[in-house]
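Colleague: I am attaching a structure below and will ask some questions about it afterwards.
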Amino acid sequence: MAAVAAATVVGVCLTVGSASAGTLSGSLYRDPSSAVVRWVAANPGDSRTAVIRDKIASQPQARWFANFNPSTVQSEVSEHIGAANAAQQIPVLAVYEITNRDCGGASAGGAPDLNQYQTWVSNFARGLGNQTVIIILETDSLALLTCLSSGEISARNDAISTATRTIKSANPNAKVYLDGGHSTWNSAGETANRLRAAGVQYADGFFTNVSNYNSTSGEANFGRNVISALNGMGISGKRQVIDTSRNGGASGDWCGDDNTDRRIGQYPTTNTGDSNIDAYLWVKPPGEADGCRYTAGSFQPELAFSLANGAPNPPTTAPPTTPPPTTTPPTTPPPTTTPPTTPPPNSSPPTGDGCYADVAVNQWAEGFTATVTVTAGKSEINGWKVTVELPAGAAVAGTWNAQASGTSGTVQFTNVSYNGRIAGRQSTTFGFQGTGTGPGRIAVCVG
């Protein structure tokens, strides 16, 4: 069972969620550079694009970390988290790196051994920052144990327990959920036993349905039984998250690459209305294959369209969520209460071809974030460059969805591989975070 999605991201500014124990509130982070978003951007003329765009690409989905890359995982996580924090939204990260992953099946892989797994997890955890983040830790790692000896099962349990504590130590606001399989796999009692053995007492709860299409109501009932069993073991306060990415149609066998009866389920939200359930999430990105008919983790527009076609439209506005406490300010950074008196001027829209850029700056006492929208003129462009002039004392600290040349004074930002091509009158975004005062103006955008 794999769902590997690459790239890093930027989002729109909404309210960041709270990290109080057992509860979540706030907007989930949508990755504007996910596989489905990139496909939509690259295929504007495809007859399936509008449906996939409106019902799948518009929604927040998990970013999977499934490549064994101990030397680069910290920077990849940090960049992703930085973009989500700048947007003041909650990112969902799916860790899929356990040794002997998927029992050597279609999604085989993971760390070569458990010592190297802990090294990878430690590096991963160092990139998590200190704001709310949801961690889906090792899909199928506890529900699927048939290929492991009793000694290997014990070692895996220790590894997952250690990974949970490592992540929690690095970011106390991280919400960590362990593998609960799904309602038609192991019994609730057996699932609770496996969760206890793997250290669920150190986690926030468990996730279900990433590997199947069972109904939300069935999964919720299963989760209540698991929670009850955990309570009977003296482990209380644990919650469930349910993957609803593909459970709006028929249930049954886990592998749906060939099944056209599947539909996307409830749209992602932290507003579940159920005290036992922290969130409905799209952990497995709709349209990414399970490894039956297509390569596991690959995005397939045929699958995405099948899931989205005929499914209900998403809410026109974000569903209501419990607001964060008003008496405690956000830890970092508080938004400015007074907008700049003179907004930074933007480059002029081209009368013909080329591109132009608009900037939105969020300034606080010691720094700022800037989100830049690059829009093509009447014709498609293939590659762009935006020049930003920073005032004295300001410096770029991090960038997403672009490459920066320099950190102070005149800084040039150029596209990365997946967002250089922009259709006529269409847009893409990039962002950067800095110290000091935000940019005074956007110079010429060259496309």
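The values are calculated or read from the model by the stated rules, or taken from the named source; none is laboratory data. Computed from a prediction, not measured in an experiment: that's the story for all the values here. Reconstructed Cβ throughout: ideal geometry from the backbone, glycine too, with neighbour counts over all protein chains shown.
Colleague: Name every residue in the range 183-215 that is farther than 18 Å from Leu145 by Cα and at pLDDT 95 or above, in order of residue number. Step through it out loud before you land on a result.
Modeller: Filtering the range 183-215 for residues farther than 18 Å from Leu145 by Cα gives 201-205, 213-215.
Those that are farther than 18 Å from Leu145 by Cα and at pLDDT 95 or above: Gln201, Tyr202, Ala203, Asp204, Gly205.
Colleague: What are the residues in the range 60-75 that are touching a residue at least 60 places away in the same chain (Cβ under 8 Å) and assigned to a strand (DSSP E or B), if any?
Modeller: Trp64 - this is the single residue of the range 60-75 that is touching a residue at least 60 places away in the same chain (Cβ under 8 Å) and assigned to a strand (DSSP E or B).
Colleague: Conditions: (1) at pLDDT 90 or above; (2) over 21 Å from Val133 (Cβ atoms); (3) assigned to a loop (DSSP other than H, G, I, E, B). Leu303 meets all but one. Number of the miss?
Modeller: Of (1) at pLDDT 90 or above; (2) over 21 Å from Val133 (Cβ atoms); (3) assigned to a loop (DSSP other than H, G, I, E, B), only one is false for Leu303: (3).
Colleague: From the list Asn271, Asn247, Asn313, exactly one residue is assigned to a loop (DSSP other than H, G, I, E, B), outside the structural domain of Thr139 (by TED's automatic domain parsing) and in contact (Cβ under 8 Å) with a residue 24 or more places away in the chain. Which is it?
Modeller: Within the list Asn271, Asn247, Asn313, the selection yields Asn313.
Colleague: A follow-up question, please. Has the range 179-198 got at least one residue that is assigned to a strand (DSSP E or B), buried (at least 18 other Cβ atoms within 10 Å of the Cβ) and among the basic types (Lys, Arg)?
Modeller: Scanning the range 179-198 turns up no residue that is assigned to a strand (DSSP E or B), buried (at least 18 other Cβ atoms within 10 Å of the Cβ) and among the basic types (Lys, Arg).
Colleague: Moving on to the next point. Kindly list the number of the only condition in (1) buried (at least 23 other Cβ atoms within 10 Å of the Cβ); (2) hydrophobic (A, V, I, L, M, F, W, C); (3) more than 19 Å from the chain's Cα centre (by Cα) that fails for Leu114.
Modeller: Answer for Leu114: the failing condition is (1).
Colleague: Does Ala86 satisfy the condition of being at pLDDT below 95 and outside the structural domain of Ile160 (by TED's automatic domain parsing)?
Modeller: Against the criterion (at pLDDT below 95 and outside the structural domain of Ile160 (by TED's automatic domain parsing)), Ala86 does not qualify.
Colleague: Hey, among Ser236, Ser245, Ser215, which residue is buried (at least 24 other Cβ atoms within 10 Å of the Cβ) and small (Gly, Ala, Ser)? It would help to see each step written out before you state the result.
Modeller: Numbers: Ser236 fails: buried (at least 24 other Cβ atoms within 10 Å of the Cβ); Ser215 fails: buried (at least 24 other Cβ atoms within 10 Å of the Cβ).
One residue alone meets the criteria, Ser245.
The rows are residues; the columns are (1) hydroxyl-bearing (Ser, Thr, Tyr); (2) at pLDDT 80 or above; (3) over 28 Å from the mean Cα position of the chain (by Cα); (4) assigned by TED's automatic domain parsing to the domain that holds Thr369.
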{"position": "Val396", "(1), (2), (3), (4)": "no, yes, no, yes"}
{"position": "Gln403", "(1), (2), (3), (4)": "no, yes, no, yes"}
{"position": "Thr410", "(1), (2), (3), (4)": "yes, yes, yes, yes"}
{"position": "Gly420", "(1), (2), (3), (4)": "no, yes, no, yes"}
{"position": "Thr428", "(1), (2), (3), (4)": "yes, yes, no, yes"}
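Colleague: Can you tell me which of Ser183, Ser169, Ser141, Ser150 is among the polar types (S, T, N, Q), farther than 26 Å from Ser75 by Cβ and in contact (Cβ under 8 Å) with a residue 24 or more places away in the chain?
Modeller: Ser183
Colleague: With the requirement that a residue be touching a Ser or Thr at 6+ places or on another chain (Cβ under 9 Å), within 21 Å of Leu93 (Cβ to Cβ) and outside any helix (DSSP H, G or I), what does the range 108-133 give you?
Modeller: Gly110, Ala111, Gly127, Leu128, Gly129, Asn130, Gln131, Thr132
Colleague: Can you say whether Val40 is hydrophobic (A, V, I, L, M, F, W, C), surrounded by 23 or more Cβ atoms within 10 Å (Cβ to Cβ) and under 20 Å from Pro312 (Cβ atoms), as far as the supplied structure shows? If you could, list the steps in order and put the result at the bottom.
Modeller: Details: hydrophobic (A, V, I, L, M, F, W, C): yes; surrounded by 23 or more Cβ atoms within 10 Å (Cβ to Cβ): no; under 20 Å from Pro312 (Cβ atoms): yes.
So Val40 does not fit the description; no.
Colleague: Can you tell me which residue within the range 205-224, out of those that are outside any helix (DSSP H, G or I), in contact with a Ser or Thr (Cβ under 9 Å, 6 or more places away or on another chain) and of a type outside the set (S, T, N, Q), is farthest from Val133 (Cα to Cα)?
Modeller: Out of the qualifying residues, it is Tyr213.
Colleague: May I pose another question? From the list Ile227, Ile242, Ile235, which residue is at pLDDT 95 or above and assigned to a loop (DSSP other than H, G, I, E, B)?
Modeller: Testing whether each residue is at pLDDT 95 or above and assigned to a loop (DSSP other than H, G, I, E, B) leaves just Ile235.
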